[in-house]
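The values are calculated or read from the model by the stated rules, or taken from the named source; none is laboratory data. As the structure is a computational prediction, the values presented were derived from the model and not from experiment. Here the Cβ is made from the backbone with ideal geometry for all residues, glycine too, and neighbour counts use every protein chain on show. Side chains included, ligands, DNA and RNA excluded: accessible areas come from the protein's heavy atoms. Shrake-Rupley method; radii C 1.70, N 1.55, O 1.52, S 1.80 Å.
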Amino acid sequence: MCRFIETIRVENGQALYLDLHESRMNATRRQFWPELSPVSLAVELGKYPLENFKQRTRCRILYDMHVVSVEFGTYTPRRVSTLRCMEANELEYSFKYENRSDIDALYARRGRFDEVLIVRNGLLTDTTIANIALWNGVQWHTPAAPLQKGTHRERLLDNGVLVPRAISIREVSNYSKICLFNAMLDFGETIVGTNNIYL
């Protein structure tokens with residue numbers, strides 16, 4: 001049976017953007033088990049003393065038909081200053097599967113670089129840990145077809161911060177910087193010059 005994960009940021013005693021995580025989790029469950037009733041993350045997390053978590057904390061929910069486990073842990077952002085482009089045309093991660101072995105295998109082959117920039121059919125998608133956006137001096141463009149449509153990406157699109165666009169690997173030089181972001185990582189917290197992207 002497939003199992004999935006949902007990663008939620010908890011800070012100052014609050015689970016952030018719970019509605020977006022709940023929506024994605026229930027959309028996944030409808031896809032695989034359409035007969036099931038929706039899960040309420042507010043109810044699930046209400047079983048835990050969130051008020052004890054003042055610093056940025058990662059809440060990892062593992063689920064299949066039901067919630068399997070809920071774990072809390074300290075979050076330390078991965079330091080990224082160089083990225084290596086790697087092709088993975090067959091890679092599929094439209095759902096947040098617990099099994100990330102193909103992604104982990106890419107990361108293990110990164111060599112001396114800090115992170116992998118995944119390329120599918122000549123187009124940029126994501127890194128192994130985050131959605132991306134690239135700055136052209138006027139706008140932040142984010143890949144129109146990422147591996148994973150993250151909740152943070154969804155918020156930034158809804159707020160007009162990002163513009164979706166198919167970005168070819170050949171177009172990287174048209175941008176000056178790349179930003180990595182996810183549910184745990186603030187937009188603007190990890191920015192790398194595109195001169196540190198290696199093809």
Considering only residues that are touching a Gly at 6+ places or on another chain (Cβ under 7 Å) and either loosely packed, with under 15 Cβ neighbours inside 10 Å or in a loop (DSSP other than H, G, I, E, B) (or both), which ones fall in region 170-199? 176, 182, 183
Could you count how many residues in region 76-98 are under 30 Å from residue 172 (Cα atoms) and either of a type in the set (S, T, N, Q) or in contact with a Lys or Arg (Cβ under 8 Å, 6 or more places away or on another chain) (or both)? 13
Which of the residues spanning region 4-43 are of a type in the set (Lys, Arg) and either under 17 Å from the mean Cα position of the chain (by Cα) or buried (at least 16 other Cβ atoms within 10 Å of the Cβ) (or both)? 9, 24, 29
Kindly indicate whether any position in region 44-64 is under 30 Å from residue 121 (Cβ atoms) and either open to solvent by 20 Å² or more (accessible area, probe 1.4 Å) or out of contact with any helix residue (DSSP H, G or I) (no Cβ under 7 Å at 6 or more places or on another chain) (or both). no
Determine which single condition residue 111 fails, assuming it passes every other condition in (1) more than 20 Å from residue 183 (Cα to Cα); (2) touching a Ser or Thr at 6+ places or on another chain (Cβ under 9 Å). (2)
Of the residues in region 1-44, those that are under 23 Å from residue 130 (Cβ atoms) and in a helix (DSSP H, G or I) come to 18, 19, 20, 21, 22, 23, 24, 25, 27, 28, 41
Name the single residue that is farthest from residue 177 (Cα to Cα) among those in region 119-137 being over 13 Å from the mean Cα position of the chain (by Cα) and buried (at least 17 other Cβ atoms within 10 Å of the Cβ). 120
Select from region 115-136 the residues that are in contact with a helix residue (DSSP H, G or I) (Cβ under 9 Å, 6 or more places away or on another chain) and in a loop (DSSP other than H, G, I, E, B) and write down the one among them that is farthest from residue 188 (Cα to Cα). 122
Considering each residue of region 87-114, count those that are in a loop (DSSP other than H, G, I, E, B), open to solvent by less than 50 Å² (accessible area, probe 1.4 Å) and over 25 Å from residue 27 (Cα atoms), and give that number. 3
Given the options 165, 155, name the one that is over 22 Å from residue 79 (Cβ atoms), in contact (Cβ under 8 Å) with a residue 24 or more places away in the chain and open to solvent by 60 Å² or more (accessible area, probe 1.4 Å). 165
Residue check, residue 75 closer than 28 Å to residue 117 by Cβ and surrounded by 13 or more Cβ atoms within 10 Å (Cβ to Cβ): yes
